[in-house]
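The values are calculated or read from the model by the stated rules, or taken from the named source; none is laboratory data. Note that this is a predicted model, so its numbers are computed, not measured. A quick note on method: Cβ atoms are made from the backbone with ideal geometry, for glycine too, and the neighbour counts reach across all protein chains shown.
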Amino acid sequence: MIFEGQRCLYMVTADSFRFLRARSLVLGLFGFGLFFGLLLDVLEAVRVLPLQPDDPILAPALYTLTFVSLCGWIVRRCRSRRLRLRYLMGTLPSGYPWRHLLGLMAAVFIFSLAAFQLSYYGLSWIMPSLVESTLQKPLLLSAADTAAPGLYNGLTLFSVLLVAPVTEEFLFRGILLHRWGSKWGIGPAVVLTSVLFGLLHMNLVGLFVFGLVLALLYLHSRTLWVPILAHALNNAIASSLELATSPTRTTVAMTTLEEFRAGWWLALLLLLLSAPWVGRYIYRSWPRQHTQLPYFANRQQREG
């Protein structure tokens, strides 16, 4: 009877996620992106924004406006369906093993970085101009690159360290994981959301594994704050590493394609060193047959 009651509660709640179809999220993403893109163009045309049409500052501004608006729209739809966000977000557990999380994220970061290096090494022989242009895009810009370098750099760091971790975890691990998990099962949902995450970030292998780890952290902690903090930590490490290793354009030449290719052996070594640790965590943490999605587990715990 207890099992049947739990199954009934699970199925009734799972039905509530059916309105959040993936195509609706894609249409919402493109809709908000198009709207704010046109809005920024109009503001630039009437000189409200003293910027050139190709000013790089438009990119972080458009990203922030689009993803924040999309998440706000989803939150409103969830509330209209009486989905309680506190069950989706969860609460940070006391005594959480933060040291273990730091070690795990360090290994995942090394794996992702090495996977990027090796995949783009192969791509550099097929599409060298694409790889070279990617290597020559610094995180922060100077007055020679944008009309408002201070604003650009502030918006970029804000989007990388705060907006991206919160909105992307809410969309991928919060919404899509529950939508596809209630439709196809937790295991396929973990894989599919991670594949999509890797594709959209142009680092399929590295960010696919990163997405797997974040999804498993969410399933085991039952709170979205853990993958959000892990995501923010990863972005902070990546940003700090880029700022520490990227030379200024006015003093030293940017990394050349030949220099990038020469580091393949180090990337392979780092991949071989980090893969066992990351693979061990994924294997041990993979959801079992009766694992519940966090929303349902949190609701059952709260409502008895």
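Residues that are out of contact with any Phe, Trp or Tyr (no Cβ under 6 Å at 6 or more places or on another chain), modelled with pLDDT of 80 or more and of a type in the set (V, I, T) within the stretch 37-66 comprise V42, T64, listed in sequence order. As for the stretch 40-55, it holds no residue that is within 22 Å of the chain's Cα centre (by Cα), over 20 Å from H231 (Cα atoms) and part of a helix (DSSP H, G or I).
Number of residues in the stretch 16-36 that are at pLDDT below 90, surrounded by 14 or more Cβ atoms within 10 Å (Cβ to Cβ), part of a helix (DSSP H, G or I) and not polar (S, T, N, Q): the value is 2.
Out of everything in the stretch 1-15 that is surrounded by fewer than 16 Cβ atoms within 10 Å (Cβ to Cβ) and touching a Ser or Thr at 6+ places or on another chain (Cβ under 9 Å), what residue ends up being modelled with the highest pLDDT? My answer is D15. Pairing residues of the stretch 32-61 that are under 18 Å from L151 (Cα atoms) and in contact (Cβ under 8 Å) with a residue 40 or more places away in the chain with residues that are β-branched (V, I, T) and surrounded by 13 or more Cβ atoms within 10 Å (Cβ to Cβ), at Cβ distances under 6 Å and at least 6 apart in sequence or on separate chains, gives D55/T146; P56/T146; I57/T146; P60/T156.
Every residue, every condition in (1) part of a loop (DSSP other than H, G, I, E, B); (2) surrounded by fewer than 19 Cβ atoms within 10 Å (Cβ to Cβ); (3) touching a Phe, Trp or Tyr at 6+ places or on another chain (Cβ under 7 Å), yes or no:
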{"site": "G72", "(1), (2), (3)": "no, yes, no"}
{"site": "R86", "(1), (2), (3)": "no, yes, no"}
{"site": "P93", "(1), (2), (3)": "yes, yes, no"}
{"site": "V108", "(1), (2), (3)": "no, no, yes"}
{"site": "F111", "(1), (2), (3)": "no, no, no"}
{"site": "A114", "(1), (2), (3)": "no, no, no"}
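Criterion applied to G174, G211 was being in contact with a Gly (Cβ under 7 Å, 6 or more places away or on another chain) and either of a type in the set (S, T, N, Q) or closer than 20 Å to C71 by Cα (or both), and the one residue passing it is G211.
Quick one: in the stretch 116-147, of everything that is more than 21 Å from F260 (Cα to Cα) and crowded, with 17+ Cβ neighbours inside 10 Å, which residue is farthest from the chain's Cα centre (by Cα)? Per the stated criteria, the residue is T146.
In this entry, L273 passes the filter for residues that are more than 28 Å from Y295 (Cα to Cα), surrounded by fewer than 19 Cβ atoms within 10 Å (Cβ to Cβ) and at pLDDT 95 or above.
Counted as qualifying within the stretch 157-225 are the helices (runs of 4 or more DSSP H) with 3 or more residues that are within 20 Å of L25 (Cβ to Cβ) and modelled with pLDDT under 95, namely 177-184, 186-200.
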